[in-house]
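Visitor: Quick one: this structure, given as structure tokens, is what I'll be asking you about.
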Amino acid sequence: MSDLTTNVILFTCQWCSYAAADLAGSERRRYPANTSILRLPCTGRVEEPHLLKAFENGADGVMVAGCLEGNCHYQTGNFRARARVKRVAGILDSIGLNGRRVRMYNLSAGQGANFAAFVTEFVELIDNLGRSPINLARTNALEHQAA
Ligand code: FES
């Protein structure tokens, strides 16, 4: 489990992936607590600026979890989200933040165990990568001001 030093934002759709999160909770599945869930009507609502803003606002990692491919309630929302996540990963790589800090997952409503496993896997990756350079720079600036 995480030591709570990192901060992960998880965008879910209100249908399958949020229901999977809810099921994980009902089943008392354990996953790291340093994850904040933002529920949207569909992952197709997540655009590149939202993902980048999450990093600017302190996220060390961002997950996007939508319905299984072919099961989006709005037809192609999860495919659009996957393409946007891929573009943002490229942007993160190009600015030195590491594109592995953003990832797309797909879940059905009945996959509470998978939800917990995916969150655990992703948070472990982010913990291994450490705080994002944005957060490290912010912490250093605050410490410099306080000194
Ligand atoms: Fe779940 Fe579109 S409604 S990803």
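The values are calculated or read from the model by the stated rules, or taken from the named source; none is laboratory data. Keep in mind the model is a prediction, meaning the values are calculated, not measured. FYI the Cβ positions are ideal-geometry reconstructions off the backbone, even for glycines, and counts take in every protein chain you see. We work out accessible area using only protein heavy atoms, side chains counted, and drop any ligands, DNA or RNA first. Shrake-Rupley method; radii C 1.70, N 1.55, O 1.52, S 1.80 Å.
Visitor: Is it true that some residue in the range 104-118 is open to solvent by 80 Å² or more (accessible area, probe 1.4 Å) and more than 14 Å from Ala21 (Cβ to Cβ)?
Guide: No, the conditions are met nowhere in the range 104-118.
Visitor: Given the criterion open to solvent by less than 70 Å² (accessible area, probe 1.4 Å) and more than 17 Å from Phe118 (Cβ to Cβ), identify the matching residue among Pro32, Pro41.
Guide: After applying the criteria, what remains is Pro41.
Visitor: Could you pull out the residue among Ala20, Ala24 that is touching a residue at least 60 places away in the same chain (Cβ under 8 Å), within 13 Å of the ligand (Cβ to nearest atom) and crowded, with 19+ Cβ neighbours inside 10 Å?
Guide: Within the list Ala20, Ala24, the selection yields Ala20.
Visitor: Given the options Ile126, Ile91, name the one that is β-branched (Val, Ile, Thr) and either out of contact with any strand residue (DSSP E or B) (no Cβ under 7 Å at 6 or more places or on another chain) or open to solvent by 20 Å² or more (accessible area, probe 1.4 Å) (or both).
Guide: Ile91
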